[in-house]
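Undergrad: Let me begin by handing over the structure; questions about it come next.
The values are calculated or read from the model by the stated rules, or taken from the named source; none is laboratory data. None of these values were measured; they are calculated from a predicted model. Backbone-built Cβ (ideal geometry, glycine too); neighbour counts: all protein chains shown. All accessible areas refer to the heavy atoms of the entire protein, side chains included, with ligands and DNA or RNA removed. Shrake-Rupley method; radii C 1.70, N 1.55, O 1.52, S 1.80 Å.
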Amino acid sequence: MLLGLPVLKLKGYYFTIITMVFCEIVRVVELNWMSLTRGPLGIMAIPKPSFLGFEITTPRQFYFMILVLVALSTLVVSNLMKSRVGYAILAIRDDELAAEAMGIHVFRYKMIVFILSSLLVGLAGAFYATYTSYIDPSSFAAAQSNDMLVMVIFGGLGNTVGSFIGAISLSILPEALRDLAQYRQLIYGVLLVLLMMVKPQGLLGDINFKYIRQRMEHREKSKEAANE
């Protein structure tokens, strides 16, 4: 919230640059605040999570833990996007000036998105730390932020299903190209550029699943009415 208050007044590339600079400032602080983070040595022996005396230690237990966290996060985001707040967020995404002219408090809704997204990423970072039992400043560099941003854009902005597809695809693709060695990153970049040229909204960015579901329900009701 403290970062969002001054930063969310900026738009476009200025907002992106300031947030990236802030991330770099945090990384430099982590590297130099030896008494808190141990600098480049990192924090070791992070305890495993436990619930009601039950400690999570095995890979299977961690799998079910992250599965529950992903399900809860998806539920929160999906319900939010189906609400009045979600429609306001989509309106701001499509045309900020038009949304403001319609009476939508743009800054307030941007702040909601900024805080909620930070909360979810913080939750993921906390899980990562307990899973590996070790973190250091290199674990939270700008590259990780860029990867997540590319995944969302690749799958489609404002589309929850697209975000999943983007994350899965861009996690598998680099591994699938591993045998190509020195050409892997080049091919990876070219594929992303081609996608942005062909479908700038992302794979599922222009697909309205709610509208498709409503059309299918309407079609089923029409068939039932015709049969009667």
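Undergrad: What pairs come out if I take residues in segment 25-52 that are free of Cβ contacts under 8 Å to residues at least 24 places away in the same chain and pair them with residues that are in a helix (DSSP H, G or I) and open to solvent by less than 80 Å² (accessible area, probe 1.4 Å) whose C-beta lies under 7 Å away, six or more apart or interchain?
TA: N32/G39
Undergrad: Continuing with the same structure: For segment 98-112, enumerate the residues that are in a helix (DSSP H, G or I), open to solvent by 60 Å² or more (accessible area, probe 1.4 Å) and without any contact (Cβ under 8 Å) to a residue 40 or more places away in the chain.
TA: Correct list: E100, A101, R108, I112.
Undergrad: So which residues in segment 12-45 are part of a loop (DSSP other than H, G, I, E, B) and open to solvent by less than 100 Å² (accessible area, probe 1.4 Å)?
TA: Across segment 12-45, the qualifying residues are G12, R38, G42, A45.
Undergrad: Here's another thing I want to ask about it. Quickly run through segment 125-137 and pick out the residues that are without any contact (Cβ under 8 Å) to a residue 24 or more places away in the chain and touching a helix residue (DSSP H, G or I) at 6+ places or on another chain (Cβ under 9 Å).
TA: G125, Y128
Undergrad: Can you tell me which residue among K9, K48 is part of a loop (DSSP other than H, G, I, E, B), in contact with a helix residue (DSSP H, G or I) (Cβ under 8 Å, 6 or more places away or on another chain) and open to solvent by 90 Å² or more (accessible area, probe 1.4 Å)?
TA: Sole residue among the options that is part of a loop (DSSP other than H, G, I, E, B), in contact with a helix residue (DSSP H, G or I) (Cβ under 8 Å, 6 or more places away or on another chain) and open to solvent by 90 Å² or more (accessible area, probe 1.4 Å): K9.
Undergrad: Could you please let me know if F209 is modelled with pLDDT of 70 or more and closer than 24 Å to V77 by Cβ?
TA: Spelling it out, it is not the case that F209 is modelled with pLDDT of 70 or more and closer than 24 Å to V77 by Cβ.
Undergrad: Which of the following residues is closer than 22 Å to Y131 by Cβ and open to solvent by 100 Å² or more (accessible area, probe 1.4 Å): F62, F54?
TA: The match here is F54.
Undergrad: Could you say which residue among G166, G156, G162 is touching a helix residue (DSSP H, G or I) at 6+ places or on another chain (Cβ under 9 Å), on the phi > 0 side of the Ramachandran plot and open to solvent by less than 60 Å² (accessible area, probe 1.4 Å)?
TA: Of the residues listed, the single one that is touching a helix residue (DSSP H, G or I) at 6+ places or on another chain (Cβ under 9 Å), on the phi > 0 side of the Ramachandran plot and open to solvent by less than 60 Å² (accessible area, probe 1.4 Å) is G156.
Undergrad: Within segment 127-141, how many residues are open to solvent by less than 40 Å² (accessible area, probe 1.4 Å) and either over 30 Å from P47 (Cα atoms) or assigned to a helix (DSSP H, G or I) (or both)?
TA: Count: 5.
Undergrad: Pick from segment 65-75 the residues that are within 21 Å of V161 (Cβ to Cβ) and in contact (Cβ under 8 Å) with a residue 40 or more places away in the chain: which of them is surrounded by the fewest Cβ atoms within 10 Å (Cβ to Cβ)?
TA: Residue satisfying both the conditions and the ranking: I66.
Undergrad: Here's a follow-up. Which members of segment 62-97 meet the condition of being assigned to a helix (DSSP H, G or I), charged (D, E, K, R) and over 22 Å from P6 (Cα atoms)?
TA: R84, D94, listed by residue number.
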